[in-house]
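A short worksheet on the structure shown next.
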Amino acid sequence: MTPEELYHYDVSGYLYLEDAIEPGYFARLNERMDEWEEETRKQLEKREDRSNPNVMVEDILNLDDAFLSLVANPKVLPYIDEMIERPRLKSTWLDFKWQGGATGFHSNHTPTNVHNHYHVNNGRIYHNLFQVFYAMSDIGPGEGGLKLIPGSHKTDFPVPKGDISDLEVEITMKAGSVLIFTHDARHGSLNTSKKVRRVVIFTYCPVEISNSFVGDTLYNRLFERAPENSWLKYLLRRPHGFLETYPHPDGRPYEDG
């Protein structure tokens with residue numbers, strides 16, 4: 001990361017990068033997104049309660065191999081490696097929001113002890129949960145772009161009960177761009193437009209944090225298939241406390257941060 005990127009991220013809690021997916025691959029992914037959008041639309045139509053027209057497709061990697069190349073996306077990988085100690089993939093999902101679809105504001109930061117959330121130590125940023133948010137179509141104002149309170153990952157006070165919407169920033173995105181941000185920043189989204197918001201979301205964490213959904217064995221099948229000594233295999237490895245379960249692709253020795 002450049003000094004400018006580090007400063008921006010540390011102050012605001014996020015960084016926006018354009019052209020994050022190679023054009024040919026992006027086109028192929030969008031063909032799959034078309035199919036998933038149609039499937040999720042059918043799921044939505046079967047719901048008795050459609051007050052929140054938002055459908056998530058969780059654990060997309062084990063459902064659709066088309067998204068596997070995003071795990072170690074070369075545009076995002078340097079940020080993952082620099083800001084997470086011994087990183088691993090934690091969870092993946094697609095998110096479709098029709099008009100009125102919303103995700104309520106939330107974060108990990110409540111506040112809590114410094115070692116449990118975003119912090120800086122010896123000039124390096126550390127995360128418990130790092131989110132990678134890909135826009136699969138343009139997201140303009142009111143179209144469900146992430147709303148985030150910049151700097152909220154560093155607050156020393158709990159979220160007040162009163163109205164703090166004046167602190168929210170809505171982040172518009174171009175198709176194929178990515179927003180990387182700390183989950184300790186307070187964030188949410190609401191689509192007020194007639195356009196379907198479609199995004200792919202991956203989360204990464206340190207080695208000691210377990211996977212989402214079915215636990216530590218979540219990516220076993222994909223791990224076995226991944227090339228040896230690759231970033232893909234490293235990021236799909238099992239968690240095991242503070243112990244590594246597969247060597248770092250660069251041969252980096254274990255160092256307790």
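Note on the chain: with a GNM built from Cα contacts shorter than 10 Å, the maximum mean-square fluctuation among LYS97, LYS194, LYS174 falls on LYS194. Could you compute the net charge surrounding GLY13? Neighbours are other residues with a C-beta less than 12 Å from the C-beta of GLY13; K and R count +1, D and E count -1. Its environment carries a net charge of 0. Summarising the amide proton neighbourhood of SER177: residues at separation of 5 or more, or on other chains, whose placed amide H is nearer than 5 Å comprise ASP19, ALA20, ALA135. The distance from the alpha carbon centre of segment 208-257 to that of segment 65-100 is 15 Å, rounded to a whole number. For segment 1-45, with every protein chain kept in place, what is the accessible area per residue (1.4 Å probe, Å²)? Counting only protein heavy atoms, the per-residue value for segment 1-45 is 60 Å².
So which lysines can LYS195 reach, going by Cα to Cα under 30 Å and dropping same-chain residues fewer than 8 places off? The qualifying lysines are LYS42, LYS46, LYS75, LYS90, LYS97, LYS147, LYS174. Where only DSSP H runs of four or more residues are counted, the chain gives -6000 deg cm²/dmol as its mean residue ellipticity at 222 nm, each run worth -39500 (n - 2.57).
Please report, as a whole percent, how much of the solvent-accessible surface of the chain comes from carbon and sulfur atoms (probe radius 1.4 Å). The computed percentage sits at 52.
Contact order, relative form, for the chain: 26 percent (alpha carbon pairs under 8 Å, 6 or more residues apart, mean separation divided by residue count). Note that the chain, at 20 °C in a medium of 1.002 mPa s, gets a Stokes-Einstein diffusion coefficient of 113 µm²/s from its Kirkwood radius over C-alpha pairs. In order along segment 127-140, the phi-based Karplus estimate (6.51 cos²θ - 1.76 cosθ + 1.60, θ = phi - 60°) of 3J(HN,Hα) comes to 10, 8, 8, 10, 9, 10, 10, 8, 8, 9, 7, 4, 10, x Hz; Gly and Pro are listed as x.
Cut-off 10 angstrom, C-alpha nodes, Gaussian network model of the chain. Which of MET173, MET83, MET33 fluctuates the most? For the chain, modelled as a Gaussian network with Cα springs under 10 Å, the answer is MET33. Using the Cβ of LEU190 as centre and a radius below 12 Å, the other residues enclosed give a net charge of 0, where K and R count +1 and D and E count -1. Once the 1.4 Å probe is applied to the protein heavy atoms, segment 134-243 comes out at 44 Å² accessible per residue.
Let me make sure I get this right: for segment 1-70, a, b and c are the square roots of the gyration tensor eigenvalues over alpha carbons, sorted descending. Under 1.5 in a/c it's rounded, otherwise prolate if a/b > b/c, else oblate. Which is it? Oblate.
Net charge in the neighbourhood of ASN108 (other residues with Cβ under 12 Å of its Cβ; Lys, Arg +1, Asp, Glu -1) is 0. Note on the chain: GNM, Cα springs under 10 Å; of VAL214, VAL199, VAL71, the largest mean-square fluctuation is that of VAL214.
The values are calculated or read from the model by the stated rules, or taken from the named source; none is laboratory data. These figures come from a predicted structure and were not determined experimentally. In this analysis, Cβ positions are derived from the backbone assuming ideal geometry, glycine residues included, and neighbour counts consider all displayed protein chains. Quick note on the areas: whole protein, heavy atoms, side chains included, nothing else; ligands and nucleic acids left out. Shrake-Rupley method; radii C 1.70, N 1.55, O 1.52, S 1.80 Å.
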